[in-house]
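The values are calculated or read from the model by the stated rules, or taken from the named source; none is laboratory data. Small disclaimer: the values here were computed from a predicted structure and weren't measured. Note that each Cβ is placed from the backbone with ideal geometry, even for glycine, and that neighbours are counted across all protein chains shown. Protein only, heavy atoms only, side chains kept; ligands, DNA and RNA dropped before computing areas. Shrake-Rupley method; radii C 1.70, N 1.55, O 1.52, S 1.80 Å.
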Amino acid sequence: MIPVYMINGFLESGKTEFIQYTIAQPYFQTRGTTLLILCEEGEVEYDAKLLKKSRTVVELIEEEEDFTIEHLEELEKRHKPVRVIIEYNGMWNCKDLYLPNNWGVEQQITTIDASTFPMYYTNMKSMVAEMVRKSEMIIFNRCDGIKELSSYKRNVKAVNPQAEIIFEDSQGEINEIMEEELPYNLKADVIELDNTGYGIWYLDMMDHPERYEGKTVKFVGMVLRPRNFPNGYFVPGRMAMTCCADDMAFLGYACKFDGAKDLPEKSWVHVTATVKTEKFAGYRGIGPVLYAKSVSAAKEPKVPVIDFSS
């Protein structure tokens, strides 16, 4: 298999700068040809000396209809690359992307200009979602002076909870951007989560489990009992709209409760539980696990779906 590195992003989002930085690194100076496929031409041009030094050949595909398996196979025959980097056009539909059978996506990265993110997220929300949904890493650059980075992070995490998100300003990487005031008191004996609080808690706990270790939380959730879960566990959670009405996800963590098997699927419950981080079979690894102190019947909330799309 030929490894493919997909770099997504809208025009002038920093794709070229990221790729140039990558191929200039010592770890990238390996044997064999790198095929760099450009799907648009931005203002930043590639350094010819760097391309030669890194044994990188560039091919331009300007029209989406020309991005075909047949064309890609022709490029492979012409250059015989050992790896492929694709600087993909952010205005092209990622769903329509097909690669030759012997090409495999090794990593997908999305670059985002933080200064224009609100405009794209408001007007092209579904396209942004498609770009970040399968990306392992999302890089927000040009973050200087922007105070809404935490909300940007939540917007992206709602679509792709597993993604690594990096923020960069003119000085380099911003190590910590989640110091804003949370909509609940972390020092309270019981952290009570409303609609807004639940969504933020779910995402923040994924990034900062140490904040919640040993804490007690209380919320209203829908019952889900996955088939692969061991006896005595269920998932209380909420449905969330991550992009549009057709793009829904269930957000919840495993909860240990002796009466789990008696809870009707999709019923609503009040949950008060202690948070622990530990290895759990249902996760295939380590993750947050709730230990129920009490679980009781509840009414469906007036607004049952959490809206991350706004």
Inset, instruction - Could you please let me know if GLU136 is more than 30 Å from PRO26 (Cα to Cα) and either surrounded by fewer than 20 Cβ atoms within 10 Å (Cβ to Cβ) or not aliphatic (A, V, I, L, M) (or both)? - result: no
Inset, instruction - For the stretch 229-240, indicate whether the set of residues that are at pLDDT below 85, within 18 Å of the chain's Cα centre (by Cα) and either aliphatic (A, V, I, L, M) or not in a strand (DSSP E or B) (or both) is non-empty. - result: no
Inset, instruction - Considering each residue of the stretch 147-165, count those that are in contact with a Gly (Cβ under 8 Å, 6 or more places away or on another chain) and aliphatic (A, V, I, L, M), and give that number. - result: 1
Legend entry - Scan of the stretch 211-223 for residues that are closer than 22 Å to SER151 by Cβ and open to solvent by 20 Å² or more (accessible area, probe 1.4 Å), ordered by number: ARG211
Legend entry - Evaluation of SER296 against (1) in contact with a His (Cβ under 6 Å, 6 or more places away or on another chain); (2) buried (at least 21 other Cβ atoms within 10 Å of the Cβ) (one fails), failing number: (2)
Inset, instruction - Could you please tell me which pairs satisfy a Cβ distance under 8 Å, a separation of 6+ or placement on different chains, a first residue in the stretch 37-58 that is touching a residue at least 40 places away in the same chain (Cβ under 8 Å), and a second residue that is part of a helix (DSSP H, G or I) and open to solvent by less than 40 Å² (accessible area, probe 1.4 Å)? - result: ILE37/LEU72; ILE37/LEU75
Legend entry - Listing of strands (runs of 3 or more DSSP E) fully contained in the stretch 15-110 that carry 3 or more residues being within 27 Å of GLU164 (Cα to Cα), open to solvent by less than 80 Å² (accessible area, probe 1.4 Å) and at pLDDT 95 or above: 34-38, 83-87
Legend entry - Boolean, LYS302 is modelled with pLDDT under 95, open to solvent by 80 Å² or more (accessible area, probe 1.4 Å) and within 18 Å of MET222 (Cα to Cα): yes
Inset, instruction - Could you check how many residues of the stretch 225-242 are surrounded by 14 or more Cβ atoms within 10 Å (Cβ to Cβ) and touching a Gly at 6+ places or on another chain (Cβ under 8 Å)? - result: 7
Legend entry - Scope the stretch 69-119; condition touching a residue at least 40 places away in the same chain (Cβ under 8 Å) and of a type in the set (S, T, N, Q); matching residues: ASN89, ASN102, GLN107, GLN108, THR110, THR111, THR116
Inset, instruction - Exactly one condition in (1) part of a loop (DSSP other than H, G, I, E, B); (2) touching a residue at least 12 places away in the same chain (Cβ under 8 Å) is not met by GLU168; state its number. - result: (1)
Inset, instruction - Could you tell me whether any residue of the stretch 116-130 is of a type outside the set (Val, Ile, Thr), touching a Ser or Thr at 6+ places or on another chain (Cβ under 7 Å) and open to solvent by 70 Å² or more (accessible area, probe 1.4 Å)? - result: no
Inset, instruction - Select, from SER150, SER126, the only residue that is part of a helix (DSSP H, G or I) and farther than 15 Å from ASP207 by Cα. - result: SER126
